[in-house]
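Just below is one structure, and these are the notes that go with it.
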Amino acid sequence: MHSVFDLATKSRLRRGILPVILISGMALPASAALLVQSKVQESPDIKNKDTGKAPAAKEAEKNKEKLKAQTGAVKLSPAEVLAETVIFAYGSRQALQTARASISEKGTIRVATEQGDLNGNFTLRRIQKDKSWQDLFRTDLEIETPESAQRGGTPAKLKFTMTFNGASVWGAQNEQYISPSPESELAFRSQLVHDYTTLLRYKEDGSKLEIVGPETVEGIDTQAMDLTLPTGEKTRFWISSKSYRILYLEYDIKLPNGSTSKVRVKYKYAPYKVVQNTLVPARRVMEQDGKFVQEITLNQVVYSAKLDPDIFVHLP
């Protein structure tokens, strides 16, 4: 019986978009189960929206000037001043730590393939630990299969789960456990540390910061800054010089075959969304090596979520 997608022939997914995961013979980018990006919607309906407010740009600028004026033992480096201003703009360190200790996000996903885009739904759940790379992290993805695949006997929807339980990565497809490929595990783990929230947790992680300099990106004035974790992973962030929002991040991923690929994520804040006094990028667009990979629009966000730790250990 032939697989739904034959990687060697007509149904090959774009191989430049991160290593693939084979799901019931169907190839999907590993990032589809990882970054959980989604289908574009004009006006996404985010539940729990506008439950408070995040500081305005003018407030962030005033806070930045106060930080720059600090002297003595509490004096911050220019990179730390910028990072602390970003944290303030997202709602303050205390608000972020309280609200995002445990999170649940839901949305829809659109993934680029050579045969057209695939759409689906996802659920992301995460419990913060002391360090970003230690967080419990799970994504559940449900992909709608093409009609051509359904005519060949494939279910209308395929389910896939990938989880980091604090020690190792495990996966499941259609409610059956599987062993993720090295490529899939590598790509999945990268999402723990290459995210906009990693900059918001730089102090807790013990990360090193370095301002690269001003840069105009797509007509927007930004400050580029490199963040390096104690584990060695490096991410470059582009921060709006006006709003202090993280607009882009970029990092390199080294694949098992020895090659290196560059991943870029764009964060969008229109419409403006605040959940529990913290700013939320409602849409996230991912590219790899300059090619579109996927996009998310969030439609449900719950912070301070009540999550059973067992969901990171086993199904369901």
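Just so it is clear, none of the values below were taken in a lab; they were calculated from the coordinates. Since the structure is predicted, the reported quantities are computational estimates derived from the model, not experimental observations. Using ideal geometry, Cβ is built from the backbone for each residue, glycine included, and neighbour counts are taken over all protein chains shown.
A few notes on this one:
- By the beta-carbon count within 10 Å of each Cβ, the least crowded to most crowded order of Tyr177, Tyr90, Tyr267, fewest first, is Tyr177, Tyr267, Tyr90.
- Scaled to the globular estimate 2.2 N^0.38 Å, the Cα spread of the stretch 159-316, given as radius of gyration, is 1.13.
- Loop trypsin sites (Lys or Arg not before Pro), the stretch 235-316 (other Cβ atoms within 10 Å of the site Cβ: 12 or fewer; DSSP): Lys242, Lys306
- Fewest-first ranking of Asp289, Asp205, using other Cβ atoms within 10 Å as the exposure measure: Asp289, Asp205
- The spread of Cα positions in the stretch 227-300, taken along each principal axis and listed from longest to shortest, comes to 42, 27, 23 Å.
- Formal net charge of residues neighbouring Glu84 (Cβ-Cβ distance under 11 Å; K, R +1; D, E -1): +4
- Label sites at Lys242 and Arg93, each approximated as a point 7 angstrom past Cα along Cα to Cβ, lie 2.9 nm apart.
- Cα-derived Rg over Rh, computed across the stretch 155-233 with Rh taken as Kirkwood radius: 1.13
- In terms of surrounding Cβ atoms within a 10 Å radius of their Cβ, His314, His194 rank from fewest to most as His314, His194.
- Of all lysines in the structure, the ones whose alpha carbon falls short of 25 Å from that of Lys58, not counting any fewer than 8 places away in one chain, are Lys49, Lys66, Lys68, Lys75, Lys203, Lys242, Lys266, Lys268, Lys273.
- Its residue count N fixes a reference of 2.2 N^0.38 Å for the stretch 62-171, and the Cα radius of gyration divided by that reference is 1.62.
- The stretch 183-316, relative contact order in percent, only Cα pairs under 8 angstrom and at least six apart counted: 13 percent
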